[in-house]
Amino acid sequence: MKLLRYIWALPNSILGLIFVPLALLTSGGMEIVDGVLEIHGGFVKWFLKHCLPFRGYVGALTLGHVVLGYNREILSVYRPHEHAHVRQYEVLGPIFLPVYLLASIWAMLRGRGAYQGNYLERRAREQQLLRKQENIET
């Protein structure tokens, strides 16, 4: 069953895998955490800082089973949130990015902000809080 989730999210993961050689050639790094490839630093850091159409700081971005992070420390902080997005990719597969875009547009039209009001982001934040509570209770 897990293999099917990887296959279903694969088109998006391929987009993330493009960053592997770019990161490694520019002093970036990577590691696998809970079945997710996390790539950080080097070109990835530059990309997150300069190439996304968002105002403000983007510390991490998920593409299928690949998470791009500004650095290792940011990835450890954002991990529960980004791994919630991985689970969303496992459900939505190749339609995740169009659904995300539509959710951002819908949130903007409702005056809630493309990021803060995005349904998928709100769900990821909820999952992040749940994981934090689980860690406190154990």
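Some points to look at:
- FRET efficiency for the K49 to R72 pair, using the beta carbon distance and R₀ = 22 Å, is estimated at 0.85.
- Rounded to 5, percent antiparallel among DSSP beta bridges of the chain: 70 percent
- Counted by neighbouring Cβ atoms within 10 Å, the residues H81, H40 run from fewest to most as H81, H40.
- Cα gyration tensor category, rounded, prolate or oblate, for segment 80-138 with a/c compared to 1.5: oblate
- Rounded to whole Hz, the Karplus (6.51, -1.76, 1.60) HN-Hα couplings of segment 71-76, x for glycine and proline: 7, 4, 5, 4, 4, 5
- Helix-only mean residue ellipticity at 222 nm for the chain, each DSSP H run of n ≥ 4 adding -39500 (n - 2.57), per residue, nearest 500: -20000 deg cm²/dmol
- Annotation: the residues K45, K132, sorted from fewest to most other C-beta atoms within 10 Å of their own C-beta, follow the order K132, K45.
- Close amide H contacts of N71 (hydrogens built in the peptide plane, cut-off under 5 Å, sequence separation of 5 or more or a different chain): G41.
- Averaging Cα coordinates gives a centre for segment 1-70 and one for segment 90-119; these two points are 19 Å apart.
- Ranking of V33, V86 by neighbouring Cβ atoms within 10 Å, starting from the fewest: V33, V86.
- Relative contact order %, segment 2-137, counting alpha carbon pairs below 8 Å whose residues are six or more apart: 22 percent
- Extension gain, R87 to L10, is 26.4 nm, computed as 0.36 nm per intervening residue step minus the present C-alpha separation.
Read the figures in this text as sums done on the coordinates, not as results from a lab. Computed from a predicted model, the values in this text were never measured in an experiment. Here Cβ is always computed from backbone atoms with ideal geometry, including for glycine, and neighbour counts include all displayed protein chains.
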